[in-house]
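Let me begin by presenting the structure, written as structure tokens, before commenting on it.
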Amino acid sequence: MNSTNTIIIFLGCIISIILFGKIFVLPIKMIIKLIINSILGGIIIVVINWIGTAFNLHIGLNIFTAIFVRNTWNSRSNITDIF
């Protein structure tokens, strides 16, 4: 195998790594944002439940309500994209 083939294979590998990296960056960012929003939504629900005990108010804490509360909280504020 001569050096020209080696260089072409090396450059092809680098280009394919860059392309696959760019393809998968957006879904990873979306997953990280979903995880952060779920954690913040869970914290908001815990605070609402803690304050709501005086008024007999309770919101069930699961992943769906955490995502819903955080996304609703985000959409009602003036800053729609915090992250």
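The values are calculated or read from the model by the stated rules, or taken from the named source; none is laboratory data. Predicted, not measured: the structure shown is a model, and the values here were computed from it. Note that each Cβ is placed from the backbone with ideal geometry, even for glycine, and that neighbours are counted across all protein chains shown.
Things to note:
- Hey, Ile23 at pLDDT 75 or above, surrounded by 10 or more Cβ atoms within 10 Å (Cβ to Cβ) and in a helix (DSSP H, G or I) or not: no
- One residue from Ile35, Ile45 being modelled with pLDDT under 90 and out of contact with any Leu (no Cβ under 6 Å at 6 or more places or on another chain): Ile35
- Some residue of the stretch 56-71 being among the charged types (D, E, K, R) and either touching a helix residue (DSSP H, G or I) at 6+ places or on another chain (Cβ under 9 Å) or at pLDDT below 75 (or both): yes
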